[in-house]
Every structure is written in structure tokens, then in C-alpha cells.
Amino acid sequence: MPLQPIASLDVPRYMGTWYEIAKYPNRFQKQCVRNTSAQYSLQQDGSVTVLNRCQLANGTMDEALGEARQIDGAKSPKLEVRFAPEWLSWLPWVWGDYWVIDLDPDYQLVAVSEPSREYLWVLSRTPQVDKVRYTALLERLSKQGFDLQKLELSPQGQ
């Protein structure tokens, strides 16, 4: 079944800091051991600056600066993101899908993926998330065809 994003996204309301609660393991976050977060900042041209941060095993923080752009209209929950240099932004393959597939009404807990379901992130406005809300989100993700066995918790704190 095709992946369904949420009906609409208020991008300005989505801006700010989100803490990674869980994810599908992926090659570009292998070095991250804890304290992974994303900071989204709306730019005047409508694009979004993305600053991903995580703590490495040696205790230092790693950062990746990227850009996101909304596709399919002003309320679309579908975005594309790139971390490649700006001079490569004309190449379609440097942009990855970033679909908001579950978001609570208060914009406090979100799940993000892409059409093939290869990637999945659960993010929260706080470093810790209420177990009841998290479990309910996992149930909704399972109904959308996600393999919860692949989900890896992302330590926050220390």
C-alpha cells in the first residue's frame, strides 16, 4: 500500500528543535551514539535550514547543515531535503524525500519517512516522550506498514 502522509502541514509551526526518539538505522547516522536532534529554521524565501546534530562516541558533537523545501503546495506535508553542497542542488538525486506521516495536533510528536519506507524517524519536542503517546504512535506506524522490529531507540541525555 502506498505511504500516506498527513493531510496538511503548517511549516512555520513545525520549525524549532526536534529530538530524535527512534529511527531505522541508516548509513549517514552510524557515527551518532546519543543526543541526536534537528533544528529547523524558516527562511524568507520559504526554504528551511536544517541543522542535524548528534554526539559521537568520543563525546564531541557532529553537525550536518542542510536545506529543505516544500513540494506540492504551501500546506503540503511532503518536503525534500539535501545535505549536499548548494552548487549540487540542481541535481535531483541530492534531494531526499521527507514526508510527515504522523503528527499530533499540538506539533509535539512526529514520524517522518519517505515513499519506500526505507527510512523512518520518530521525533519529539522534548528529549523524552510519554510512553502512552509513543506506543499509540507505534501502533499507527505498524498499520502504515512499518516494521517496528527495525526501529532503534535513540538515547537522549548524559
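The values are calculated or read from the model by the stated rules, or taken from the named source; none is laboratory data. Fair warning: this is a prediction, and the values are worked out from it, not measured in the lab. Cβ coordinates were reconstructed from backbone atoms using ideal geometry, including for glycine residues, and neighbour counts include every protein chain displayed. Accessible surface areas use protein heavy atoms only, side chains included; no ligands, DNA or RNA. Shrake-Rupley method; radii C 1.70, N 1.55, O 1.52, S 1.80 Å.
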Do we have any residue at all in segment 144-155 that's open to solvent by 60 Å² or more (accessible area, probe 1.4 Å), in a helix (DSSP H, G or I) and in contact with a Phe, Trp or Tyr (Cβ under 9 Å, 6 or more places away or on another chain)? yes
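Please indicate, with yes or no, whether at least one residue in segment 8-31 is aliphatic (A, V, I, L, M) and more than 14 Å from the chain's Cα centre (by Cα). Explain how you work it out, then say what you get.
Our first condition is that a residue be aliphatic (A, V, I, L, M); within segment 8-31, this holds for 9, 11, 15, 21-22.
Among the residues that remain, those that are also more than 14 Å from the chain's Cα centre (by Cα) are: none.
Checking segment 8-31: not a single residue is aliphatic (A, V, I, L, M) and more than 14 Å from the chain's Cα centre (by Cα).
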Can you tell me which residue within segment 12-55, out of those that are part of a helix (DSSP H, G or I) and closer than 19 Å to PHE83 by Cβ, is least open to solvent (accessible area, probe 1.4 Å)? TYR14
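Please work out which residue is modelled with the lowest pLDDT, limiting yourself to segment 74-88 and to residues that are of a type outside the set (Asp, Glu) and farther than 22 Å from ASP62 by Cβ. Spell out how you get there, then give the answer.
At the first step, the residues of segment 74-88 found to be of a type outside the set (Asp, Glu) are 74-79, 81-85, 87-88.
Next, only the ones that are farther than 22 Å from ASP62 by Cβ stay: 74-79, 87.
Details: ALA74: 87, LYS75: 94, SER76: 94, PRO77: 96, LYS78: 96, LEU79: 94, TRP87: 67.
Residue satisfying both the conditions and the ranking: TRP87.
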